[in-house]
1. Give me the distance between the Cα centres of region 33-73 and region 9-30, rounded to whole Å.
2. Once amide H atoms are placed 1.01 Å from N in the peptide plane, what residues at a sequence separation of 5 or more from M117, or on another chain, have their amide H within under 5 Å of its amide H?
3. Would you please give the residues with an amide H less than 5 Å from that of L76, counting only those at least 5 places away or on a separate chain, with H modeled from the backbone geometry?
4. Whose amide H sits under 5 Å from the amide H of G13, counting only residues 5 or more places off or on another chain, with H placed in the peptide plane?
5. Apply the a/c threshold of 1.5 to the C-alpha gyration tensor of region 42-116 and tell me whether it is rounded, prolate or oblate.
6. Taking a ≥ b ≥ c as the square roots of the Cα gyration tensor eigenvalues, with a/c under 1.5 meaning rounded and otherwise prolate when a/b beats b/c, else oblate, which class fits region 3-63?
7. When the Karplus curve 6.51 cos²θ - 1.76 cosθ + 1.60 is applied with θ = phi - 60°, which whole-Hz ³J(HN,Hα) does each residue of region 88-102 get, with x for Gly and Pro?
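Readers should treat all values here as calculations from the given coordinates under stated rules, not as data from a laboratory. The shown structure was predicted, so the numbers you read here are calculated from the model rather than taken from an experiment.
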Amino acid sequence: AIASSPELSSYYGLYTVWDATSASTLTSVLPARGAASSHQYDILSLDLTKRDNIRQVTERINAQMSARQIPPIRALILNAGLQDFGKQSWTDDGVDVSFAANYLSHSLLTLLLLESMDKEAVPMASEINATSGAYVEEKYKTLVDGEANFEAIDKGTWSSAEEDHGFR
């Protein structure tokens, strides 16, 4: 874990979770605030299915970095993921929730945080996108090309839950 690694714990951590008030698993592995630890951090609520919320959170992070309240970002580790095992659901924008949370949000988050990336650390500043292990299996390595296919993915009609029961 980052917080327990002497090499990594000296970095400032910004942890985003769906609801920062109920992040007991995360807080259980982080040092208590004020504890004798070099790992300083903040925990922010972030709803990856709402583009407006992503924009609000990144504006806050960018403002804090610009005001030098937090250090520049050296790495983005984007590992949040969502799999809807029930009926298919949609964001307020009409996008499939899984696609929005697992893919679109990570791209938007990265683009909006570029201004806060550590320019001195380039090429060390990096992004790690580890939403899913599904891409490892050969059956999921389907080539998707063309605007119609991307629109179908966006709207959840490409390989919908009704059509593909194999993931359950």
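1. Here the answer is 11 Å between Cα centres.
2. I73
3. For L76, the qualifying residues are S126, E127, I128.
4. Sorted by chain and number, the residues that satisfy this are Q40, Y41, D42.
5. Working: a/c = 2.67, a/b = 2.24, b/c = 1.19.
Prolate, since a/c reaches 1.5 and a/b exceeds b/c.
6. Values: a/c = 2.71, a/b = 1.74, b/c = 1.55.
Since a/c reaches 1.5 and a/b is larger than b/c, the shape of region 3-63 is classed as prolate.
7. Rounded to whole hertz, the list is 5, 10, 10, 6, 4, 8, x, 9, 3, 4, 4, 5, 5, 6, 8.
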